[in-house]
Structures are given as C-alpha cells and as structure tokens.
1. Work out the charge dipole of the chain with +1 on the Cβ of Lys and Arg and -1 on the Cβ of Asp and Glu about the Cα centre, then indicate which of Gly54, Thr265, Leu199 is farthest towards its positive end.
2. Restricting to DSSP loop positions (anything but H, G, I, E, B) with no more than 14 other Cβ atoms inside 10 Å of their own Cβ, which chymotrypsin sites (Phe, Trp or Tyr not before Pro) remain in the stretch 108-165?
3. What Kirkwood hydrodynamic radius do you get for the stretch 15-169 when you take the inverse of the mean 1/r over all pairs of distinct Cα atoms, in Å?
4. Springs between alpha-carbon pairs under 10 angstrom, Gaussian network model over the chain: which of Leu39, Leu169, Leu99 fluctuates most?
5. Of the candidates Ala273, Ala174, Ala142, which one comes out as most mobile in a Gaussian network treatment of the chain with C-alpha springs shorter than 10 Å?
6. Just Ala68, Ala86, Ala179 to compare: in a GNM of the chain, with alpha carbon springs under 10 Å, which one fluctuates most?
7. Please identify every one of the trypsin sites (Lys or Arg not before Pro) in the stretch 1-98 that sits in a loop by DSSP and has no more than 14 other beta carbons within 10 Å of its own beta carbon.
8. Is the chain best put as rounded, prolate or oblate by its Cα gyration tensor, with a ≥ b ≥ c the root eigenvalues, rounded for a/c under 1.5, and otherwise prolate when a/b is larger than b/c, oblate when not?
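The values are calculated or read from the model by the stated rules, or taken from the named source; none is laboratory data. Computed from a predicted structure; not experimentally measured. Note that we place each Cβ from the backbone using ideal geometry, even for glycine, and neighbour counts take in every protein chain shown. Keep in mind that these areas ignore ligands, DNA and RNA; they rest on the heavy atoms of the full protein, side chains included. Shrake-Rupley method; radii C 1.70, N 1.55, O 1.52, S 1.80 Å.
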Amino acid sequence: MTARPEEPRTLRVGLLQTAPVFGAVEENLTRIAELHNGLGPVDLALTPELSVNGYGFTPHRETDLFAADDPRLTALVSAGVGVGFAEKNGSGLPWNSCLLTDPSTGTRHLHRKLQPVSYAPWNEHLLFQAGADLRTADFGAARIATAICNDMWHPVIPWLAAHAGAEVLMVPVASMEGADPARIRRTWEVILEHTAVLLQCYVVFVNRCGTDGGARFWGGSRVLGPDGGVLARLGDEPGATVVELDMTGLRRLRSEVPVLAESRTGFIAGALAPDRGSEREQLHV
C-alpha cells in the first residue's frame with residue numbers, strides 16, 4: 001500500500017514594524033494594536049525589541065515596568081502578538097523580554113535577552129539583567145525560539161535554539177543607523193542569511209523604525225527562508241506584512257540535507273569543558 005503524502009503544513013506570520021517612543025507606553029500599545037488589526041488572520045505576529053517601552057538608553061521608570069501577566073499586555077499577547085517590553089524583576093534590574101502566546105493552545109513563550117550589549121552607546125548591561133534560559137515552544141505548525149537583537153551577534157545562541165528543535169527563529173531588534181548605516185545593514189544581512197542557511201530555519205527579523213533617544217532606527221524588517229532568500233521585506237517607515245512559511249518543505253530539507261543532525265555536539269561540549277583548558281589552546285577553540 002502506497003503511503004499517503006504528508007499534508008502540507010504552514011505557519012502564517014505577521015511582521016509589525018513600529019516606531020515606539022521611550023516612555024509612551026499607552027501610545028505604543030495603541031499603535032501595535034492598530035497595525036495588528038489590519039493584518040488579517042495570522043498564527044502569530046512579531047513586534048520589535050522593546051516595542052512597548054521604546055528604546056531610550058536610560059533606565060525605565062518603575063511605573064513603565066511590566067510583569068509577564070500584566071493586564072495591559074493581555075489583549076495583544078493573547079491574540080498571538082509577540083511584544084517586547086521591560087519586565088519587572090523583584091530582585092534587581094529589569095529584563096529585556098519578548099512574550100507571545102499561541103491563541104489556539106494557550107502556550108506561552110517568554111524570552112529574556114541573553115546578551116545585553118555591554119559597550120557604549122547602548123550599555124544595556126547597566127539597564128537590564130541578562131536572561132538565563134533559551135527555550136523553544138510549539139506554535140501552530142512550527143517550533144519556534146526567540147533571539148533578541150544582540151543575542152544574534154553571538155552565533156552559539158541561534159545554534160543552540162536550532163539544536164533544541166527550533167524551525168522558526170523570531171528576532172525582535174532595535175538597530176539604529178549609527179555613523180555608518182550601510183555597514184550596519186550589511187552586517188545584519190550577513191548574520192540573518194548565515195543563520196537561515198546553516199541552521200536550515202526561517203528567520204523572522206523585525207526591527208523598529210523612527211527616532212528615539214536621539215538615535216534613528218532603520219527598520220528593514222524581513223523574513224528569510226532556509227535558502228537565505230528574502231520572502232518579504234518592509235522599508236524604513238511603520239508598516240506590516242504577512243508571510244506564509246512552508247514547514248513541510250523545511251522538514252524535508254532537514255531530512256534530505258541533515259546538517260544539524262550531523263553536528264558533533266559531544267565534541268563541542270568536551271572542547272568547552274572546564275578541565276580541558278590546555279586542549280582548548282591546541283584546538284584553537
């Protein structure tokens with residue numbers, strides 16, 4: 001008896017590129033909701049890093065910090081919108097967090113930025129506590145993980161996410177133009193394409209736009225497929241778009257070209273073990 005072909009499985013993802021203003025929490029939430037309402041049906045949608053609070057390069061007011069279950073976030077999060085916010089931490093600095101919920105199952109996915117930038121002009125290590133966990137979660141037809149902005153500049157983080165089963169990498173960002181806008185855009189292009197191709201995953205990159213804290217942010221939100229091609233792209237103004245991701249095709253690719261499966265994770269773990277310092281030097285690890 002001939003096996004029936006697998007029924008195609010897709011994930012509809014919305015990109016919500018906003019221009020939040022530092023400290024204008026209610027206005028920022030309203031703008032996210034307006035963009036989301038115009039999207040049409042999606043399985044999930046992603047907003048930029050700190051889309052609720054804005055990016056001000058200074059400490060957040062206590063009243064602008066959110067618990068993950070804050071009712072001000074409920075309407076968006078429960079509708080499958082991934083929001084970036086400064087999360088209240090009872091024992092120290094807040095976390096730079098992203099939270100979304102699968103509306104069909106109630107599954108929650110909370111990621112706290114693992115690598116706050118430790119140099120000027122960002123100095124996020126003085127403003128935020130680093131996260132301590134990298135999680136994946138099932139959303140609709142896919143397994144997802146999140147890496148917030150500078151997390152992507154540390155390749156081990158998306159690599160670990162892919163090895164934990166992530167098929168779609170959500171990347172909320174607050175990237176400013178700086179002194180050399182062309183260079184920063186090109187750097188992000190390389191990071192995103194490298195991640196998509198070598199980890200055989202979809203990459204959903206949502207950058208903010210507008211001016212905040214004296215800096216200009218360049219937008220350019222996009223989705224890349226596992227071949228590194230750009231499936232959709234936004235410009236430098238607020239806007240939204242929807243992309244349908246072919247999860248059946250992705251799984252076929254991973255099966256036919258098992259790059260992740262052939263990784264020698266035991267070798268890597270051993271090379272980084274604390275009692276192998278001299279060997280690390282020999283291995284140039």
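1. Of the options given, the answer is Thr265.
2. Values: sites: Tyr119, Trp122, Phe128, Phe139, Trp153, Trp159; in loops: Tyr119, Trp122, Phe128.
Answer by residue number: Tyr119.
3. Numbers: mean 1/r = 0.0636 Å⁻¹.
Every distinct Cα pair counted, the radius reaches 15.7 Å.
4. Leu39
5. Among Ala273, Ala174, Ala142, the largest GNM mean-square fluctuation belongs to Ala273.
6. Residue with maximal mean-square fluctuation among Ala68, Ala86, Ala179: Ala179.
7. On the way: sites: Arg9, Arg12, Arg31, Arg61, Arg72, Lys88; in loops: Arg9, Arg61, Lys88.
When the trypsin sites (Lys or Arg not before Pro) of the stretch 1-98 are filtered for loop state and at most 14 Cβ neighbours within 10 Å, Arg61 remain.
8. Values: a/c = 1.58, a/b = 1.16, b/c = 1.37.
In terms of gyration-tensor shape, oblate.
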